[in-house]
Amino acid sequence: MAAYMHYLKTALAAFAALVSFDAASAAAPPPASAFAADPAMGMLRLSPNGERIAWLTQGPDGKPRIAISNLSNSGGTRFNPGERNVNSLFFEDGGRLVITLGDTTRVSGLDWSFAYERYVAIDPATGEGSPVLVRNANSPGAAASGAQWISTLPDEPDTIALASYDEYAGFSLYKAYLTNGMSRLIAAGDQETIDWTITPKGEPKLRLQYDARTRTERLQLRKAESWSELLTRKDVDARATTLMGVSADGGLLIARRNEDFSPIERIDPVTGDITEFARAGDVEINGVWRNALTGVAMGLSYGGADPGVYWLDPNFAALEADFQKKLGGASFRLWSYTRDLNKAIGLRDTGDRAPRWLLYDRASPTVRLLGSMYPALDNVALGRTTPVEAPVRAGETFTVYVTRPPGAAPNAALPTVVLADEPGSRAFPSYDAMRQFLATRGYLVLEPQIRGSVGFGKKRADAGKGQIGAGMQDDLAQTVAWAVRTGLSDPKRVCIVGAGWAGYHAAAGVVFKPEVYACGAAIDAPMDLGAIAVDAARAERQIISTSPGGRRYWLGEGSIASLNAISPARNVDRLAAPLLVIQSNMNGDPDADRARRMAEAARRQAKPLTFVALTGDGYWNETAASRTVAYEAIESFLAKHLKP
């Protein structure tokens, strides 16, 4: 009970009076640990009847816990997920809390581990959890992949639909019972099945197939008791078509991504006719927001420099409008809601303040402050992030998120950090820990949405294929040139920082473009592209590694020699500017050993490389402790080489 009260008091400190949204102090910036901390309150969810809330927090040992609290009183319970990461949580319509736990497994014949998810159902009254989909939890496929969320089943409380690999390696569709962990087969898939669409009543209607050997995609429609071919696309990457769920009128929604800004399309479930469902002009539609309790599409998420949601369901549009009116017009994100839409949780996240959780009660009507995501930053002035359409070269612009340090002189050319993103991802204007950590240390932060970034149209995303170490690196350098031309950045004090593939950008930038960067910091970065290409060639027999996000997709089809030529690990002799390499064990990924060997080669050649080894088996960002070590190392390194 004492342990529960510890994190209940920490996470629900917001039930007491907190500082106002606009309060900020001019005190010295908080330590690195404040930015590296896990959220005190994360992933908040309302129960369908509005009686409970659940959230992710930490126990006295600093490890994750799931807290469940009654809104009408101070009672509640908790669940300990153990050592695994909590990836998501939601209340199912019957009232049970369902969480996904991330884990990794090493697959025979490959040199790296794969992440997968398992589902656990928690009784909110007792806090007892039980695994979901026990039936095939021990099959070889499930051991490597866990399960994939498909939909809720509103007509059957305490039941959800999941897809998982069966004992024959077919990706099959199951009805999972939350009360006993058992399951029943809804429809069988095969080794080419990669996704499903079902109706709210649990009827399978679409099955997406992909043959990796021929790069052929087939979309099948269920008619009566058999599957018929609806669409066939040859020479395409996996998931060239995305299944988007079901519309309010029963249509089956898909996105084919065959235009720069493709529409969402609707398939008639009876005739198979395909018509345009929604289009957003020159803004990319990223996906469909589905009602967590019905599985029906309620909104469209769109990208661009200022992403958001367009509501298809007028009831949700009205809920958001009412909520916003009570906030005096302030912006927020609708996060969770009750079955009758009379209560909702919103996240107030302006990007330049610690995000806050709010509870709106329509009946009162009142807005109640639930708590802060990062209490240590509640009263801290952070940098303000602005999206700028930067003319980086003749006839070409792309979005650069520019964050100025709090209190910086308006016209000063500042020491600058280029905070690179991984290919296939993007930055957002909302709160970002690394961005604000750097800004509070006095650095101007640039986040260019270069080729390979998603959310800005198909052309921008596809332009990144095969451009690691080439066009992507040029885009980053051109961003620095733009920032110098416009007087934002001091040309002699620019550093590049990144993690994962963005860490490769950082290391390659320092090794191959020392005239642009005074220094660089790379975290868990792939340093030897030739060796990675060999890994990918081995893996291609078992996984789709040439699909977007796959390693070979970004590397392109160049020879091993050409990849070696752009590998930091193979060009240590060219290292002239200071480079910080922060390396975790990465669950035994061979890239970790390659980074260590690179550091040893730099030591032998007396090159300016600082190596920081993180403890533990996971990746650098999996724990607050490892993030703190990384942030502190970056802080010391930048202070030495950029001198803000």
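For this structure, a couple of remarks:
- Residues of segment 559-592 classified as free of Cβ contacts under 8 Å to residues at least 40 places away in the same chain and within 18 Å of Ala630 (Cα to Cα), total: 1
- Among the residues making up segment 317-360, those that are in contact with a strand residue (DSSP E or B) (Cβ under 6 Å, 6 or more places away or on another chain), under 26 Å from Ala376 (Cα atoms) and not aliphatic (A, V, I, L, M) are Phe332, Arg333, Trp335, Ser336, Gly346, Arg348, Gly351, Asp352, Pro355, Arg356, Trp357, Tyr360.
Residues are listed down the side, and each one gets a yes or a no for (1) free of Cβ contacts under 8 Å to residues at least 60 places away in the same chain; (2) open to solvent by less than 10 Å² (accessible area, probe 1.4 Å):
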residue	(1), (2)
Tyr165	yes, no
Tyr174	yes, yes
Ser183	yes, no
Ala188	yes, no
Ala212	no, no
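- Thr386 falls short on exactly one of the conditions (1) open to solvent by 60 Å² or more (accessible area, probe 1.4 Å); (2) at pLDDT below 95, and that condition is (2).
- Strands (runs of 3 or more DSSP E) contained in segment 233-313 and holding at least 1 residues aromatic (Phe, Trp, Tyr): 274-278, 285-290, 297-302, 308-311
- Meets criteria (closer than 19 Å to Ala161 by Cβ and crowded, with 20+ Cβ neighbours inside 10 Å) for Gly250: no
- Residues of segment 30-76 that turn out to be small (Gly, Ala, Ser) and more than 23 Å from the chain's Cα centre (by Cα), as a count: 8
- With respect to the conditions (1) part of a loop (DSSP other than H, G, I, E, B); (2) over 14 Å from Asp421 (Cα atoms), Lys492 falls short on a single one, namely (1).
- Residue match in segment 625-637 (condition: open to solvent by less than 60 Å² (accessible area, probe 1.4 Å), closer than 30 Å to Lys492 by Cβ and assigned to a loop (DSSP other than H, G, I, E, B)): no
- Selection status of Ala363, within 19 Å of Thr440 (Cα to Cα) and outside any strand (DSSP E or B): no
- Leading residue by the ranking (modelled with the highest pLDDT) among those in segment 547-579 that are within 25 Å of the chain's Cα centre (by Cα) and hydrophobic (A, V, I, L, M, F, W, C): Leu555
- Only residues that are surrounded by 19 or more Cβ atoms within 10 Å (Cβ to Cβ) and of a type in the set (Asp, Glu) were counted in segment 257-304, giving 2.
- Remark: pairs (first residue in segment 62-73, within 11 Å of Gly42 (Cα to Cα); second residue open to solvent by 40 Å² or more (accessible area, probe 1.4 Å) and not in a loop (DSSP other than H, G, I, E, B); Cβ separation under 6 Å; 6+ apart in sequence or on different chains) = Arg65/Arg78; Ala67/Arg78.
- Residue that is nearest to the chain's Cα centre (by Cα) [pool: residues in segment 402-458 that are of a type in the set (A, V, I, L, M) and assigned to a loop (DSSP other than H, G, I, E, B)]: Ala427
- Those residues of segment 441-461 which are of a type outside the set (A, V, I, L, M) and open to solvent by 20 Å² or more (accessible area, probe 1.4 Å), in sequence order: Arg441, Gly442, Arg451, Phe456, Lys458, Lys459, Arg460
- The residues in segment 42-91 that are surrounded by fewer than 22 Cβ atoms within 10 Å (Cβ to Cβ) and assigned to a loop (DSSP other than H, G, I, E, B) can be counted, and the count is 19.
- Test: residue in segment 345-360 that is among the basic types (Lys, Arg), open to solvent by 30 Å² or more (accessible area, probe 1.4 Å) and over 29 Å from Arg435 (Cα atoms): no
- Test for Val497: is it part of a helix (DSSP H, G or I), open to solvent by less than 20 Å² (accessible area, probe 1.4 Å), closer than 26 Å to Leu382 by Cα and of a type in the set (Val, Ile, Thr): no
- Flag if Gly202 is in contact with a Lys or Arg (Cβ under 8 Å, 6 or more places away or on another chain), assigned to a loop (DSSP other than H, G, I, E, B) and within 27 Å of Glu156 (Cα to Cα): yes
- Unique match (being charged (D, E, K, R) and open to solvent by 40 Å² or more (accessible area, probe 1.4 Å)) among Lys234, Lys205: Lys234
- Taken across segment 395-413, residues that are under 22 Å from Ile496 (Cα atoms), charged (D, E, K, R), at pLDDT 95 or above and open to solvent by 20 Å² or more (accessible area, probe 1.4 Å) do occur, with at least one present.
- Filtering segment 314-336 to residues that are surrounded by 14 or more Cβ atoms within 10 Å (Cβ to Cβ) and either basic (Lys, Arg) or not in a loop (DSSP other than H, G, I, E, B) (or both) leaves Phe316, Ala317, Leu319, Glu320, Asp322, Phe323, Gln324, Lys326, Arg333, Leu334, Trp335, Ser336.
- Within segment 459-486, the set of residues being without any contact (Cβ under 8 Å) to a residue 40 or more places away in the chain, within 29 Å of Ser559 (Cα to Cα) and not in a loop (DSSP other than H, G, I, E, B) comprises Asp462, Gly471, Asp474, Ala477.
- Within segment 340-353, the only residue that satisfies the criterion of being modelled with pLDDT under 95 and either small (Gly, Ala, Ser) or over 26 Å from the mean Cα position of the chain (by Cα) (or both) is Gly351.
The values are calculated or read from the model by the stated rules, or taken from the named source; none is laboratory data. Since the structure is predicted, the reported quantities are computational estimates derived from the model, not experimental observations. All Cβ positions, even for glycine, are placed from backbone atoms using ideal geometry, and neighbour counts span all protein chains on display. Please note that ligands, DNA and RNA were not included when accessible areas were found on the heavy atoms of the full protein model with its side chains. Shrake-Rupley method; radii C 1.70, N 1.55, O 1.52, S 1.80 Å.
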